[in-house]
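S.K.: I'd like to ask some things about the structure below.
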Amino acid sequence: MGTATAIVGVWVSNRIENAVVQNSANSAALYMESIVSPLSQELAHGDRLSDQASRALDEIFMTQPMRDRIVSFKFWKQGGVIAHASDSAIIGSRFDPTDDLKRAWGGEISGSFEELDHAESAAEAALGIPLLEVYSPIRELWSGEIIAVAEFYEKAEQLEIDMARARRTSWLVVGSAFVASTIVLFSIVAIGDNTIRRQGRLLERRLAESEQMAEQNAKLRSRVVEASERYATQTDRFLKKLGSELHDGPAQYLSLAALRLDAAFPDGSEKPKEAEEIQQSLQKSLAEIRALSRGLSAPDIDNLALMDVVKRAIEDHSEHSSLRPDVSLQGSQATELSLSDKLCVFRFLQETLSNAARYAPGSQCTVTCEAQSDRVVIHVRDDGPGFDPSDDTVLRDDGGQGLMGLRDRVESIGGRFEVASSPGKGASIAMTLFPRKMSTS
């Protein structure tokens, strides 16, 4: 900002100084033109003034008012030749034309202040006083053609004072503008900084509130998952107990009734038709109760590791199904799964293998179990007829929940359930659990 201000200040100061010098040069040139132009018309036809014209010019410049204002003068011809000068020693001399002299020959009035560094200005520079050097074109009265250039040096003490005053004024204006702009910018920055800080504090409070809410949600989710795990465990234990009671209660009574009915008719005796029907009904009821008991009762998997749970589920399925899946066990052994996690793995395989056997009995089925450091992934694939994945969100016609119930079971304990299938392209069902206690071996 300071560098920019200095550059602007120098530029403005130079512009003002140039304007003041040029205005002073124009004023002096107009004044001198009215005096010297009539006496210098002879230069239109030669490179020298006549003695009469020279004496007339010398007398003019020797008068007291002119001597107090002009310290010296020169008349230039083309090529840098001095046709006449207050210093007679340099008349007829040739000097390299300066830029100001060239502009004068082009028809412009040119002036400079304190720039006496040319060879032809050595005498004036030696005076040691501030001088305004002015170049004014001299035109022929009738044609207007430039026939010579008049150069004169005017005392410039007052101009120097005016220049200094203008310089101070320009720097004062630029400095004031700089200070004002600095104050404005500082105010804008301060206001912006305060706004940013206020917004930052507000965002920090919102972030803290969001983190607190996220922490509360995480705790609530953890409690929900724990509650779901306890509920799933208790439900499976209740179903196991119910299955045991069905097996030990009604099933035993039905079995006893069947035995008593057989005992009521000795071997070889003919049973009444009604007895045969009762016998068949008792056997069917007993078979259904035993099947129901087996379906309700999960095996004792509390003390089994993950891989053993997977093998047990596949073995149980193979007892009553011709489907023989290929099994791939990958990763580390998870030894600290909770009972609800193990039950979820067992039920997942039980349901997915049952579906594969029911809807794709002749397909190639693959079960992949991968135990990682923070998760367990069970994947069941088959190359059967496939299905529309949207159907897993609809209850079956027989009242079963199908994949929807399996999805609810997995997600209720914090897991992820994924289905990928389409008609004619097989099915892929995956379950990912994130148990809180896992160890690797």
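Matching residues to (1) modelled with pLDDT of 85 or more; (2) assigned to a helix (DSSP H, G or I); (3) closer than 30 Å to ALA83 by Cβ:
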position	(1), (2), (3)
GLY128	no, no, yes
ILE161	no, yes, no
ARG168	no, yes, no
ALA177	no, yes, no
ARG197	yes, yes, no
GLU204	yes, yes, no
SER210	yes, yes, no
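S.K.: Given (1) of a type in the set (Gly, Ala, Ser); (2) part of a helix (DSSP H, G or I); (3) under 26 Å from ALA164 (Cα atoms), identify the lone condition not met by ALA53.
M.R.: So the condition that ALA53 fails would be (3).
S.K.: How many residues are at pLDDT 80 or above and open to solvent by 70 Å² or more (accessible area, probe 1.4 Å) when one looks only at the stretch 99-117? Break it down stepwise before answering.
M.R.: Residues of the stretch 99-117 at pLDDT 80 or above: 99-112.
Next, from what is left, pick out any that are open to solvent by 70 Å² or more (accessible area, probe 1.4 Å): 99, 102-103, 108.
Going through the stretch 99-117 one residue at a time, the tally reaches 4.
S.K.: Further question: Quick check on my filter: what residues within the stretch 273-314 are basic (Lys, Arg), at pLDDT 75 or above and within 29 Å of MET431 (Cβ to Cβ)?
M.R.: Scanning the stretch 273-314 gives LYS311, ARG312.
S.K.: Also, quick follow-up: Determine which member of the set ASP96, ASP117 is under 30 Å from VAL36 (Cα atoms), touching a Gly at 6+ places or on another chain (Cβ under 9 Å) and outside any strand (DSSP E or B).
M.R.: From the options ASP96, ASP117, the qualifying one is ASP96.
Yes/no matrix, rows are residues, columns are (1) modelled with pLDDT of 70 or more; (2) on the phi < 0 side of the Ramachandran plot; (3) hydroxyl-bearing (Ser, Thr, Tyr); (4) open to solvent by 40 Å² or more (accessible area, probe 1.4 Å):
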residue: THR3; (1), (2), (3), (4): yes, yes, yes, yes
residue: GLY9; (1), (2), (3), (4): no, yes, no, no
residue: SER13; (1), (2), (3), (4): no, yes, yes, no
residue: SER27; (1), (2), (3), (4): yes, yes, yes, yes
residue: TYR31; (1), (2), (3), (4): no, yes, yes, yes
residue: LEU43; (1), (2), (3), (4): yes, yes, no, no
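S.K.: Can we say TRP171 is within 30 Å of LEU43 (Cα to Cα), open to solvent by 90 Å² or more (accessible area, probe 1.4 Å) and not basic (Lys, Arg)?
M.R.: No, not satisfied.
S.K.: Working only within the stretch 64-94, note down all residues that are open to solvent by 60 Å² or more (accessible area, probe 1.4 Å), out of contact with any Ser or Thr (no Cβ under 7 Å at 6 or more places or on another chain) and of a type outside the set (A, V, I, L, M, F, W, C).
M.R.: The answer is GLN64, PRO65, ARG67, ASP68, ARG69, GLN78, SER88, ARG94.
S.K.: Would you be able to tell me the number of residues in the stretch 138-168 that are of a type outside the set (A, V, I, L, M) and touching a residue at least 12 places away in the same chain (Cβ under 8 Å)?
M.R.: 12
S.K.: Take PHE387 and tell me if it is open to solvent by less than 60 Å² (accessible area, probe 1.4 Å), modelled with pLDDT of 85 or more, in a helix (DSSP H, G or I) and not β-branched (Val, Ile, Thr). Don't jump to the end; show me each part of the working.
M.R.: Numbers: open to solvent by less than 60 Å² (accessible area, probe 1.4 Å): yes; modelled with pLDDT of 85 or more: yes; in a helix (DSSP H, G or I): no; not β-branched (Val, Ile, Thr): yes.
Criteria not met by PHE387.
S.K.: Residue under question is SER170, and the condition is that it be closer than 16 Å to THR3 by Cα and among the hydroxyl-bearing types (Ser, Thr, Tyr); does it hold?
M.R.: no
S.K.: List every residue pair whose Cβ atoms lie under 7 Å apart, where the two residues are 6 or more positions apart in sequence or sit on different chains, the first residue falls within the stretch 337-348 and is closer than 16 Å to CYS369 by Cβ and free of Cβ contacts under 8 Å to residues at least 60 places away in the same chain, and the second residue, located anywhere, is assigned to a helix (DSSP H, G or I) and not acidic (Asp, Glu).
M.R.: LYS342/VAL309; PHE346/VAL309; PHE346/ALA313
S.K.: Output yes when any residue across the stretch 326-336 is at pLDDT 85 or above, crowded, with 16+ Cβ neighbours inside 10 Å and not acidic (Asp, Glu), and no when none is.
M.R.: Taking the stretch 326-336 first, the residues at pLDDT 85 or above are 326-329.
Filter again for crowded, with 16+ Cβ neighbours inside 10 Å, leaving none.
No, because not a single residue in the stretch 326-336 is at pLDDT 85 or above, crowded, with 16+ Cβ neighbours inside 10 Å and not acidic (Asp, Glu).
The values are calculated or read from the model by the stated rules, or taken from the named source; none is laboratory data. This one's a predicted model, so the numbers in the text were calculated from it and none came from an experiment. Note that each Cβ is placed from the backbone with ideal geometry, even for glycine, and that neighbours are counted across all protein chains shown. The protein model used for the area step is the full one, side chains on, heavy atoms only, and it has no ligands, DNA or RNA in it. Shrake-Rupley method; radii C 1.70, N 1.55, O 1.52, S 1.80 Å.
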